[in-house]
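Student: Provided herewith is a single structure, encoded as structure tokens, for subsequent inquiry.
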Amino acid sequence: MSFDISKYREMFVEEAEELFESADNVLLEAETNGSLTEEEMGQLFRDVHTLKGSGASVELTLFAKFTHSVENLMDKLRNHKIEYLPEMAGALIDALDIMKELLELEVDNELTQELFTEKTASQLIVINAYSEENTVAATPVVEPVAPKTVEVKKIVPKNEENDNFGFFDDDLEILKIKNLMVFLQMMMFLMIQVMMPLDFLMMI
């Protein structure tokens, strides 16, 4: 017994009509107001995500492929990776219209790869441009910079350096004189020691 997927595709088509209606209503409201609330972003993502997932489950491969690109844009919007722009509403409404056409063609087995490219190429350029070029810049993280230690060198004036050298020179001269005096005293002591025996002999 072969598996008849057409029955499940018919069930999906009925579900898809409700999902398309929900997404259309949100986008028409956004187009009128020029804004999209958090709740509306979440609703749009859920509608498109279900369309993609259910379409893929009934082997509507090309329909799911295009719907995935739209879902990616909706995911970035709800996660604030890109900023919502008022003109996005019109672009997304056009994308939903293409999704409806692709669904009808693929369910009827009339959607070829060439026809898919023809139907989606220009709209994919618009969707990918919004997804990639309108990225919200992340706030740069400033790393704390450790303060640098500055070595302060004492500058000694030249005249002070000369005075210090003069001071040491004076000490050296004094030390030499003291050593000379000690040497002379030792010599005198030795001479006295030598002279004393001679004096003693002359007294005899």
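The values are calculated or read from the model by the stated rules, or taken from the named source; none is laboratory data. This one's a predicted model, so the numbers in the text were calculated from it and none came from an experiment. Don't worry about glycine lacking a Cβ; one is built from the backbone with ideal geometry, like all the others, and counts go over all protein chains shown.
Student: Residue check, residue 59 against (1) under 20 Å from residue 15 (Cα atoms); (2) under 37 Å from the mean Cα position of the chain (by Cα), all met but one. Which one?
Tutor: Result: residue 59 fails condition (2) only.
Student: State the number of residues belonging to segment 73-126 that are of a type in the set (S, T, N, Q), surrounded by fewer than 18 Cβ atoms within 10 Å (Cβ to Cβ) and in contact with a Ser or Thr (Cβ under 9 Å, 6 or more places away or on another chain). Walk me through how you get there before you give the answer.
Tutor: The first filter runs over segment 73-126 and keeps only residues of a type in the set (S, T, N, Q), leaving 79, 109, 112-113, 117, 120, 122-123.
When the remaining residues are screened for being surrounded by fewer than 18 Cβ atoms within 10 Å (Cβ to Cβ), the result is 79, 109, 112-113, 117, 122.
Those still in the list that are in contact with a Ser or Thr (Cβ under 9 Å, 6 or more places away or on another chain) too: none.
Number satisfying all stated conditions: 0.
Student: Here is a further query. Quick check: is even one residue across segment 4-26 assigned by TED's automatic domain parsing to the domain that holds residue 127, in contact (Cβ under 8 Å) with a residue 24 or more places away in the chain, in contact with a Phe, Trp or Tyr (Cβ under 6 Å, 6 or more places away or on another chain) and surrounded by 18 or more Cβ atoms within 10 Å (Cβ to Cβ)?
Tutor: So far as segment 4-26 goes, no, none of its residues is assigned by TED's automatic domain parsing to the domain that holds residue 127, in contact (Cβ under 8 Å) with a residue 24 or more places away in the chain, in contact with a Phe, Trp or Tyr (Cβ under 6 Å, 6 or more places away or on another chain) and surrounded by 18 or more Cβ atoms within 10 Å (Cβ to Cβ).
Student: A further question on this structure: I'd like the full set of residues that are surrounded by fewer than 16 Cβ atoms within 10 Å (Cβ to Cβ) and part of a helix (DSSP H, G or I), limited to segment 47-64.
Tutor: Initial filter on segment 47-64 (surrounded by fewer than 16 Cβ atoms within 10 Å (Cβ to Cβ)): 53, 56-57, 59, 61.
Those that are surrounded by fewer than 16 Cβ atoms within 10 Å (Cβ to Cβ) and part of a helix (DSSP H, G or I): 53, 56, 57, 61.
Student: In addition: Looking at segment 34-42, is at least one residue surrounded by 14 or more Cβ atoms within 10 Å (Cβ to Cβ), modelled with pLDDT under 95 and not in a helix (DSSP H, G or I)?
Tutor: Yes, that holds for at least one residue.
Student: Now a separate question. Specify the residue that is farthest from residue 70 (Cα to Cα); the eligible residues are those in segment 1-28 that are of a type outside the set (A, V, I, L, M) and touching a Ser or Thr at 6+ places or on another chain (Cβ under 9 Å).
Tutor: The initial filter retains those residues of segment 1-28 that are of a type outside the set (A, V, I, L, M), namely 2-4, 6-10, 12, 14-15, 17-18, 20-22, 24-25.
With touching a Ser or Thr at 6+ places or on another chain (Cβ under 9 Å) added as a condition, the list becomes 8, 12, 15.
Working: 8: 23, 12: 19, 15: 18 Å.
Here the answer is 8.
Student: Follow-up question, since we're still on this one. With respect to residue 42, determine if the residue is of a type in the set (Gly, Ala, Ser) and either under 15 Å from residue 99 (Cβ atoms) or not assigned by TED's automatic domain parsing to the domain that holds residue 69 (or both).
Tutor: Numbers: of a type in the set (Gly, Ala, Ser): yes; either under 15 Å from residue 99 (Cβ atoms) or not assigned by TED's automatic domain parsing to the domain that holds residue 69 (or both): no.
In short, no.
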